[in-house]
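**Student:** Below you will find the structure I want to go over with you.
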Amino acid sequence: MADGIFWYPLRRFREWSGGSTALIDWMESPNAHIFKVNVPGYNKEDIKVQIEEGNVLSIKGEGLKKEEKEKKEDLVWHVAEREAFSSKGEFLRRIELPENVKTDQIKAYVDNGLLTVVVPKDTSPKSSKVRNINITSKL
């Protein structure tokens, strides 16, 4: 299944850190690439969405602030299931975008633990990459 639907896009994922956080669905419509990212517990201030060199979409989440961690250190934990399995750690996802996108028109929003990033396609006709070369009898 090397040529299957899931193999080609996965080659574009540059980095994935943060364990089970920030799981991504990548969909493509005729007009845009749409990324849906699980970010439970994060608000928009905790998340950075950027375009880096080489058309790379970077999605970064920041975990608990240091003072929040320090407050929790004063506690004696008996059971920590919610803490252990929460997605409130740091994460970083980097995805190389296709060439035919409008990086200056990307929109992102977060609602109920789901970050949606819409990357519009550049649907304007491109000049052909094939170029005829004039042949002469002398250089």
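The values are calculated or read from the model by the stated rules, or taken from the named source; none is laboratory data. Predicted, not measured: the structure shown is a model, and the values here were computed from it. So basically every Cβ, Gly included, is an ideal-geometry build from the backbone, and we count neighbours across all protein chains shown. Note: accessible area is taken over every heavy atom of the protein model, side chains too, but ligands, DNA and RNA are not part of it. Shrake-Rupley method; radii C 1.70, N 1.55, O 1.52, S 1.80 Å.
**Student:** Which numbered condition in (1) modelled with pLDDT of 90 or more; (2) more than 19 Å from residue 94 (Cα to Cα) is the only one that residue 80 fails?
**Tutor:** Result: residue 80 passes all but (1).
**Student:** Looking for whichever is out of contact with any strand residue (DSSP E or B) (no Cβ under 6 Å at 6 or more places or on another chain), modelled with pLDDT of 85 or more and surrounded by fewer than 14 Cβ atoms within 10 Å (Cβ to Cβ) here; the options are 68, 53. Which one fits? Walk me through it before giving the result.
**Tutor:** Values: 68 fails: modelled with pLDDT of 85 or more.
After ruling out the rest, the residue left standing is 53.
**Student:** Further question: Kindly provide the set of residues from the range 12-28 that are open to solvent by 40 Å² or more (accessible area, probe 1.4 Å) and at pLDDT 85 or above, ordered by number.
**Tutor:** 23, 25, 26, 27, 28, listed by residue number.
**Student:** Assuming residue 42 fulfils every condition listed in (1) of a type in the set (Phe, Trp, Tyr); (2) at pLDDT below 80; (3) assigned to a loop (DSSP other than H, G, I, E, B) apart from one, which condition is it?
**Tutor:** Of the numbered conditions (1) of a type in the set (Phe, Trp, Tyr); (2) at pLDDT below 80; (3) assigned to a loop (DSSP other than H, G, I, E, B), the odd one out for residue 42 is (2).
**Student:** Just the residues that are within 15 Å of residue 29 (Cα to Cα) and surrounded by fewer than 17 Cβ atoms within 10 Å (Cβ to Cβ), please, taken from the range 108-117. Step through it out loud before you land on a result.
**Tutor:** Within the range 108-117, the subset within 15 Å of residue 29 (Cα to Cα) is 116-117.
116, the sole residue that qualifies.
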